[in-house]
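Worksheet: one structure, shown below.
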Amino acid sequence: MWLKTTTNYSPNFSFPKRSKIQIKFIIIHYTGMKKESSAIRRLCNSKYKVSAHYFIKKNGETLNMVPDLYEAWHAGKSSWKQFKSLNKYSIGIEVHNPGHTHNYTSFPTKQINSLKKLLKILMKNYKINYKNVLGHSDIAPERKKDPGEKFPWKILARSKLADWHGLGETQINKLRLVKIDLNDKKNFMNNLKKIGYKKTKKSSFDFEDKFIIKAFQRRFRQKLINGIIDKECLTISKNLVKI
């Protein structure tokens, strides 16, 4: 697998170098800015203290901003399973998209094809499990929505580049908005813990935790992001835990 990358280095990273075995996750972001050029300048400006290892333009061109073995500043306050501050353990990829505040759009095929190539290379080099390819909203649900509900997780999953459930759309659509009881809601939240989601200081990890529910929906039930647990969400969560 070969992917042409252009170096466009950012000064925003931490010393010392990491070892390869420290890298356990890949975190996907969208830029959330109208212009690619503005996003690149921001990520390479020491004033803003943000960066990523890679930046993928809408036309598929891929920029390398921080060498893999240095810690880029992309995840911020974050957690997944037993890990906190995921900058230490991850490679961050910024995929240009204006995001929810600037007319959120679908991701072009060329862009996703480049992302797939990059993921294959990184996952092979660092022995990263496909279940550890995450979105920013997965690891920081109270703060972030990216890469959002239009991001094609299902397409990545077909190539074993991300996690996805094994249920048919027709099968689960019938369960959408079907109410469940309190015990099933608790089971759903327990499944989210098993998947990797962590509670935040802004909410208790219960069936009212809309931050985490919406993060789950943006990732695995993208047609409806309402923060309400229904039978479809429960069924998907059960399937993910089994896989």
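The values are calculated or read from the model by the stated rules, or taken from the named source; none is laboratory data. Everything numeric in this text was worked out from a predicted model, so none of it was measured. Please note: Cβ atoms are built from the backbone with ideal geometry, for glycine as well, and neighbour counts cover all protein chains shown.
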- [ ] Taking the options 180, 229, 243, 225, name whichever one is β-branched (Val, Ile, Thr), under 30 Å from residue 94 (Cβ atoms) and modelled with pLDDT of 95 or more.
- [x] 225
Open item on the list: From the list 15, 55, exactly one residue is out of contact with any strand residue (DSSP E or B) (no Cβ under 8 Å at 6 or more places or on another chain) and of a type in the set (Phe, Trp, Tyr). Which is it?
Closed with: 15
Open item on the list: If residue 6 satisfies all but one of (1) touching an Asp or Glu at 6+ places or on another chain (Cβ under 9 Å); (2) assigned to a loop (DSSP other than H, G, I, E, B); (3) over 19 Å from residue 104 (Cα atoms), what's the number of the condition it fails?
Closed with: (2)
Open item on the list: Tally up the residues in the stretch 37-56 that are surrounded by 19 or more Cβ atoms within 10 Å (Cβ to Cβ) and either farther than 24 Å from residue 89 by Cβ or among the small types (Gly, Ala, Ser) (or both), please.
Closed with: 4
Task: Residue that is surrounded by the most Cβ atoms within 10 Å (Cβ to Cβ), among those in the stretch 5-29 that are more than 19 Å from the chain's Cα centre (by Cα) and among the hydrophobic types (A, V, I, L, M, F, W, C) - done: 13
Task: Subset of the stretch 63-84 (residues that are buried (at least 21 other Cβ atoms within 10 Å of the Cβ) and under 20 Å from residue 116 (Cα atoms)) - done: 63, 65, 66, 74
TODO: Only one of these is crowded, with 20+ Cβ neighbours inside 10 Å, closer than 18 Å to residue 240 by Cβ and modelled with pLDDT of 95 or more: 95, 133. Name it.
DONE: 133
Task: Residue within the stretch 101-113 that is closer than 26 Å to residue 16 by Cα and either of a type in the set (Asp, Glu) or in contact (Cβ under 8 Å) with a residue 12 or more places away in the chain (or both) present - done: no
Open item on the list: So, restricting to helices (runs of 4 or more DSSP H) that lie completely within the stretch 86-204, which ones have at least 1 residues that are in the same structural domain as residue 68 (by TED's automatic domain parsing) and within 22 Å of residue 57 (Cβ to Cβ)?
Closed with: 109-126, 136-139, 153-158
